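Trainee: Dropping a structure here in structure tokens format, bear with me for questions.
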Amino acid sequence: MGVADNLRDPVKQESKPRAWKSLGLSVGLHVILLGLFFVGWHWTTPTPEKEPNFITARLVQEQRLPTAPHPVKQEAQAATPPAPKAKPKPEPKKPPEPTPQQKALAEKKAAEEAARQKAIALQQAKEKKAEEEKRKQDAERKKREEAKRKAEAAEKQRLAEARKKKEEEEKRQEEAKRKEQEQRLQNLVQQAQEAQKKRQAEEALKAEQERQRAAAAKAQQARALTERDKYILLIKQRVTDHWFRPPSTDSNLSTVVTIRLLPTGELISATIKDSSGNAAFDNSVLSAIRSISRFPVPDDPTVFNEYFRQLSFQFSPQGSPQ
Amino acid sequence: MIAGLMMRIIRFLVVLCSFSLLAQSARAELLIHITKAASDAIPIAIVPFASPNGTGPNEDLTQIVRDDLDMSGNFKSLDPSRMLSLPSQGSQVYYRDWRLLGQRYLVIGQIQRGATDQNYHVQYELFDVTQQKQMLKSNLTTTANNLRSLAHVISDQVYKAITGVRGAFSTRLAFVTLDKEGGKSVYRLQVSDVDGQRAQVLLKSTQPILSPDWSPDAKKLAYVSFETGQPAIYIQDIATGKRQKLTDFQGLNSAPAWSPDGKDMLMTLSKDGNAEIYEMDLANRQLTRLTHHWAIDTEANWAPDGRQIVFTSDRSGGPQIYQMDLRTQDAKRLTFGGPYNASPRYSPDGKYIYYVHRDGGNFNIAKMNLSTGEQTILTHTDLDDSPSVAPNGRMLIYCTHQGTKSVLSVISVDGGSKYFLPAKFGDVREPAWSPFGS
């Protein structure tokens, strides 16, 4: 889709300048034609009243003519060229005057000559004008043809270029596509490799983290154990200090009491789990437990929750295996 | 019907399984073993009884109770001067105060004399300080001359309520005193309260009196008197003072010991040439010789079950303790530790014997666990003898020496505290603790 757009786009964009170019060309052509018309009109209309000064004028004209049929830019200049024609006029009035006869003859001769000359000139002018006109038309035609040819060639070239461009573009695109695919493939491979690398790195990291976590847990457990052992000793000492063993005739008594503690070490409850069957003995145990206002417990909540939130004591007068 | 039963059984098993799983998943709970106590002496506060209308006796009954409980070695009473308050009714008790003083139990009460009967009326209460509850409330009445007995009854009740063991404070002691009067030795056989008070002389003699032994009903005493110049065994009724001579065989007549049922008596006689142990049927005075040995056999004592006896014999070369099964009359030696072990007495439960043990130059009271043979030395003075166990098995009285005088001392059978009976007698020896009696 994108490729198609790309292919079409340059054409579209080129069609606009081309239209402007041909419009400019045709306008220029018309302006030139109009200019030529005006020039031609000057040539024809003012001449009958004017003196033979035309030669100079013609020279001027001739010099100008080749330049006249040229591009649009000269449009403004084309309107002004007639102005210099007026200037040469005063000059023919100045030549010296001969004697009357001579003058008359001469005048007659001159007049004839002038008429002849004039006729010739006129004829010549006419011919020249026709020729000029023909030449102009030829040039014009030629120019048109040339322009047309040029336009065609340009168009052709443009088309060729466009085609070439298009082909190139297609080729380029194809190449790009191929490259892209290659790149994509390469990317995929690279990505896969990277993913694998990443996965391996992650796995390694995970393993390392796991190892560290396990080590930390182990350390924590060890710490908890030492903390636990420390507080077991402290609690044991505290309970021992508060236990007043009643006199008993039976040395095999044993009472298990379960207690629940607050994290502050305060007693929530104490219940006989395994009675010795001797109320006084059980009572001494409860009394010992309840007389302790605060049990020594670890600050570490993990250790506390694990071991000391609820624990039991086995009270027995005789030493039992620890 | 059967299917339904099966279903029920299956359901039951499933429930059982889930319970056991639960039990398994439960964390192993911490179990701390407590095998030692701070002390065997329980702190107790016995507040002097109030006398609301001023009719109380001059004597402080509560001091008798304090002494009794202290003597047991199982209690340590609080000196009244340290008490923060002196409540006499439950409503006046602030547990916190007593807890502050480290007390576990509290006794309060009132005593007054009846307006009409002239008897003393005591109402007292026992509280558990740590568990903040009343354990006992009791009303007692007694005559004016029996106030001490009332105090011992209170001691017994309090002791029983707290320890679960019957108190032996209302029982009595028998002992022999020796005084020098006008250059002459005077022996007196006496009977007193367990605290040595209210002593009563049963027999006065210039000749030695030995080995008093209580009848199981605690009404009579058997003893050896040399009053005739020869040793003879007598039985005397305590209440009436009436007595009878039981034996005056040639030679030794010693160490009388009542059987648990009171029908027989063990004694040592040398009428057959050597000191042997005999059993006498008290009804017909028939003798049965129990020992047949060239060595001296003496100081026999009945096991509480009446089937066995223990005695001292030097058949091994020195005095040692032997036990005999009365049916088979087989004797086996019990003591092996030390060169001298003598004067054995069974504990009331028959599980222990108490005896005199010499270790080096010292004679001490020792205890042996009969099932294990384990021996424990209970006293640590240098010349202790004549152990006698209280009927509740918790206290032991024995004779020891202070300077040149012999005195009686009471200890807990656990070897705890030591209580000396008031030394108002010159020399005291041969103590015998009475049974509970009837």
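Trainee: Is there any pair linking a residue in the range B:29-58 that is under 18 Å from B:Y120 (Cβ atoms) and outside the structural domain of B:V413 (by TED's automatic domain parsing) to one that is basic (K, R) and at pLDDT 85 or above, with Cβ under 7 Å and at least six apart or on different chains, and which?
Mentor: B:I46/B:R66; B:T55/B:R113
Trainee: Turning to a different aspect of this structure: Quick one: is B:Y124 more than 12 Å from every other protein chain (Cβ to nearest Cβ), crowded, with 17+ Cβ neighbours inside 10 Å and either among the β-branched types (V, I, T) or touching a residue at least 40 places away in the same chain (Cβ under 8 Å) (or both)? Even if it seems obvious, please write down each step before you answer.
Mentor: Values: more than 12 Å from every other protein chain (Cβ to nearest Cβ): yes; crowded, with 17+ Cβ neighbours inside 10 Å: yes; either among the β-branched types (V, I, T) or touching a residue at least 40 places away in the same chain (Cβ under 8 Å) (or both): yes.
Answer is yes for this residue.
Trainee: Residues that are facing another protein chain (nearest Cβ under 10 Å) and at pLDDT 90 or above: does the range A:266-275 have at least one?
Mentor: Pass one, the range A:266-275, residues facing another protein chain (nearest Cβ under 10 Å): A:270, A:273.
Now narrow it down to the ones that are at pLDDT 90 or above: A:270, A:273.
Looking for residues that are facing another protein chain (nearest Cβ under 10 Å) and at pLDDT 90 or above, one finds at least one in the range A:266-275, hence yes.
Trainee: So A:N252 clears everything in (1) at pLDDT below 85; (2) in a loop (DSSP other than H, G, I, E, B); (3) facing another protein chain (nearest Cβ under 10 Å) except one condition, right? Which one?
Mentor: Going through the list (1) at pLDDT below 85; (2) in a loop (DSSP other than H, G, I, E, B); (3) facing another protein chain (nearest Cβ under 10 Å), A:N252 breaks only (3).
Trainee: Take the residues of the range B:255-282 that are assigned to a strand (DSSP E or B), under 23 Å from the mean Cα position of the chain (by Cα) and not hydrophobic (A, V, I, L, M, F, W, C): which is surrounded by the fewest Cβ atoms within 10 Å (Cβ to Cβ)? It would help to see each step written out before you state the result.
Mentor: Going residue by residue through the range B:255-282, those that are assigned to a strand (DSSP E or B) are B:255-258, B:264-269, B:276-281.
Filter once more, so that each one left must be under 23 Å from the mean Cα position of the chain (by Cα): B:255-258, B:264-267.
The next check asks that each one be not hydrophobic (A, V, I, L, M, F, W, C); those that pass are B:256, B:264.
Numbers: B:P256: 24, B:D264: 19.
Looking at the filtered set, the residue picked out is B:D264.
Trainee: Would you pick out the residues in the range B:217-251 that are of a type in the set (A, V, I, L, M, F, W, C), outside any strand (DSSP E or B) and touching a residue at least 40 places away in the same chain (Cβ under 8 Å)?
Mentor: Of the range B:217-251, the ones of a type in the set (A, V, I, L, M, F, W, C) are B:218, B:221-222, B:224, B:226, B:232-233, B:235, B:238-239, B:246, B:249.
With the extra rule that they be outside any strand (DSSP E or B), the set shrinks to B:218, B:226, B:238-239, B:249.
If the condition is that a residue be of a type in the set (A, V, I, L, M, F, W, C), outside any strand (DSSP E or B) and touching a residue at least 40 places away in the same chain (Cβ under 8 Å), then B:A218, B:I238 are the ones that fit.
A quick yes/no check of all residues on (1) within 14 Å of another protein chain (Cβ to nearest Cβ); (2) under 15 Å from the mean Cα position of the chain (by Cα); (3) on the phi < 0 side of the Ramachandran plot; (4) not aromatic (F, W, Y):
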{"residue": "B:Y346", "(1), (2), (3), (4)": "yes, yes, yes, no"}
{"residue": "B:K351", "(1), (2), (3), (4)": "yes, yes, yes, yes"}
{"residue": "B:V356", "(1), (2), (3), (4)": "no, no, yes, yes"}
{"residue": "B:G361", "(1), (2), (3), (4)": "no, no, yes, yes"}
{"residue": "B:I365", "(1), (2), (3), (4)": "no, yes, yes, yes"}
{"residue": "B:M368", "(1), (2), (3), (4)": "yes, no, yes, yes"}
{"residue": "B:T376", "(1), (2), (3), (4)": "yes, no, yes, yes"}
{"residue": "B:D382", "(1), (2), (3), (4)": "no, no, yes, yes"}
{"residue": "B:S386", "(1), (2), (3), (4)": "no, yes, no, yes"}
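Trainee: In the list A:A217, A:A224, A:A201, A:A192, which residue meets the criterion of being at pLDDT below 90, in a helix (DSSP H, G or I) and within 30 Å of A:V285 (Cα to Cα)? Step through it out loud before you land on a result.
Mentor: On the way: A:A217 fails: within 30 Å of A:V285 (Cα to Cα); A:A201 fails: within 30 Å of A:V285 (Cα to Cα); A:A192 fails: within 30 Å of A:V285 (Cα to Cα).
Among A:A217, A:A224, A:A201, A:A192, only A:A224 is at pLDDT below 90, in a helix (DSSP H, G or I) and within 30 Å of A:V285 (Cα to Cα).
Trainee: Now for a different question. Search the range B:80-110 for residues being outside any loop (DSSP other than H, G, I, E, B) and within 29 Å of the chain's Cα centre (by Cα), and hand back the single one that is nearest to A:S293 (Cα to Cα). Walk me through it before giving the result.
Mentor: Applying the first criterion (outside any loop (DSSP other than H, G, I, E, B)) to the range B:80-110 yields B:80-82, B:90-92, B:95-100, B:105-110.
Now restrict to residues that are within 29 Å of the chain's Cα centre (by Cα): B:80, B:105-109.
Values: B:P80: 25, B:Y105: 17, B:L106: 19, B:V107: 23, B:I108: 25, B:G109: 28 Å.
For the range B:80-110, the residue satisfying everything is B:Y105.
Trainee: Looking at the range B:27-45, which of the residues that are more than 7 Å from chain A (Cβ to nearest Cβ) and more than 30 Å from B:Q89 (Cα to Cα) is modelled with the lowest pLDDT?
Mentor: B:R27
Trainee: Which of the residues spanning the range B:46-83 are within 14 Å of chain A (Cβ to nearest Cβ) and of a type in the set (A, V, I, L, M)? So that I can check it myself, show each step before the final result.
Mentor: Here is the first cut: in the range B:46-83, the residues within 14 Å of chain A (Cβ to nearest Cβ) are B:68-78.
Hits for the range B:46-83 are B:L69, B:M71, B:L78.
Trainee: So which residues in the range B:382-407 are among the small types (G, A, S) and within 16 Å of B:D213 (Cβ to Cβ), if there are any at all?
Mentor: Step one: list which residues in the range B:382-407 are among the small types (G, A, S), which gives B:386, B:388, B:390, B:393, B:403, B:406.
Result: B:S386, B:S388, B:A390.
Trainee: To continue, here is another question. Could you say which residue among A:K143, A:K118, A:K128 is over 30 Å from A:L23 (Cβ atoms), touching a helix residue (DSSP H, G or I) at 6+ places or on another chain (Cβ under 9 Å) and part of a helix (DSSP H, G or I)?
Mentor: Values: A:K143 fails: over 30 Å from A:L23 (Cβ atoms); A:K118 fails: touching a helix residue (DSSP H, G or I) at 6+ places or on another chain (Cβ under 9 Å).
None of the others qualify; the one that does is A:K128.
The values are calculated or read from the model by the stated rules, or taken from the named source; none is laboratory data. Because the structure is a prediction, the values reported are computed rather than measured. Positions of Cβ are generated from backbone atoms using ideal geometry, with glycine treated the same way; all protein chains shown enter the neighbour counts.
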